[in-house]
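Only one structure is covered here, and it is reproduced in the block below.
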Amino acid sequence: MRFLIVGMVAMLLVVPQARAADPVGMQLHPEPRDVPQMSFEDEAGKRHDLSAWRGKVILLNVWATWCGPCRREMPTLDRLQARLGGPAFEVLALSIDRAGPDVVRRFYDDTGIEHLKILVDRRGTAARSLGIPGLPATLLIDRQGRELARLVGPAEWDTAEMISFFERIVTSSDKED
C-alpha cells in the first residue's frame, strides 16, 4: 500500500510538468532530426522548397480538405499564424489534395482562413518522405530545418498553452542563433 501511495504522489508531481513541456502530445525529440528535402507549389503553381523557410521556426501541418479532423483544426492554425506569424515563426499548411490549389482556395474562402498560405503537394511525396502515417500530421521545425517535434492527429493550435509553448521554442531558438 505504501508503495502505491508513493507511486501516485510521484505521478502527480511528474505529469503536470510533462504537460507543460509538451502540450497536447507535441513532444520534443531528444535530439533534432533531419528533414528530407521537399518541394510543393503555391496557389499560383510556383514551386517552393521547404529550405526557403530556413531561419524561421516552422510549424508544418500536412492536411487535406477531405480529412474531417484536418478541416476542424485549420481555423486554429490560422489563428495561431495570425497571432505568432512573422519573421521568427510561421505556420505552413501543406495540403495533399490531388485536385490542387483551387479546392484549397474554396475551403479557405468557405471557412474564413485568411492568414495561411496555400501550399499544395498534389502527389503526396512530402508526406511519404516524412513518414507520415495519417492526417493531420504536424512537425515543429527549427531555424536550421531540423524536426524538433511531431504530432500525428488534430490539435487546438491556438490555445494559451500552445501559444506559450511556441513562444518558448522561438525564444530559445533566438538564443541558439
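Among the residues of region 97-119, those identified as touching a residue at least 60 places away in the same chain (Cβ under 8 Å), within 16 Å of ASP78 (Cα to Cα) and out of contact with any His (no Cβ under 8 Å at 6 or more places or on another chain) are VAL104, ARG105, LYS117, ILE118.
Can you confirm whether GLN27 is open to solvent by 90 Å² or more (accessible area, probe 1.4 Å), under 14 Å from the mean Cα position of the chain (by Cα) and either at pLDDT 95 or above or on the phi < 0 side of the Ramachandran plot (or both)? Judged against the criteria, GLN27 is a match.
Please go through region 112-139 and pick out each residue that is small (Gly, Ala, Ser) and open to solvent by less than 30 Å² (accessible area, probe 1.4 Å). The answer is GLY124, ALA126, ALA127, GLY134, ALA137.
The conditions of being among the small types (Gly, Ala, Ser) and over 12 Å from the mean Cα position of the chain (by Cα) are met by ALA126.
Of all residues in region 44-69, those that are exposed (fewer than 15 other Cβ atoms within 10 Å of the Cβ) have Cβ atoms under 8 Å from Cβ atoms of residues that are among the aliphatic types (A, V, I, L, M), 6 or more apart or on another chain, in ASP49/MET38; PRO69/LEU135. The set of residues in region 20-60 being more than 18 Å from GLY85 (Cβ to Cβ), charged (D, E, K, R) and part of a loop (DSSP other than H, G, I, E, B) consists of ASP22, LYS46. Give region 38-95 a look and list any residue that's of a type in the set (Ser, Thr, Tyr) and in contact with a strand residue (DSSP E or B) (Cβ under 8 Å, 6 or more places away or on another chain), or say none. Those that are of a type in the set (Ser, Thr, Tyr) and in contact with a strand residue (DSSP E or B) (Cβ under 8 Å, 6 or more places away or on another chain): SER39, THR65, SER95.
Taking ALA149 as the residue in question, decide whether it is touching a strand residue (DSSP E or B) at 6+ places or on another chain (Cβ under 6 Å), open to solvent by less than 40 Å² (accessible area, probe 1.4 Å) and more than 17 Å from GLU90 (Cβ to Cβ). Answer is no for this residue.
Being more than 19 Å from ALA155 (Cβ to Cβ), among the charged types (D, E, K, R) and open to solvent by 60 Å² or more (accessible area, probe 1.4 Å) is the filter here; which residues of region 82-111 pass it? Across region 82-111, the qualifying residues are ARG98, ASP102, ARG105, ARG106, ASP109, ASP110.
The values are calculated or read from the model by the stated rules, or taken from the named source; none is laboratory data. Just so it is clear, the model here is predicted, and its values are computed rather than measured. Glycine also receives a Cβ, built like all others from the backbone with ideal geometry; neighbour counts cover every protein chain displayed. Please note that ligands, DNA and RNA were not included when accessible areas were found on the heavy atoms of the full protein model with its side chains. Shrake-Rupley method; radii C 1.70, N 1.55, O 1.52, S 1.80 Å.
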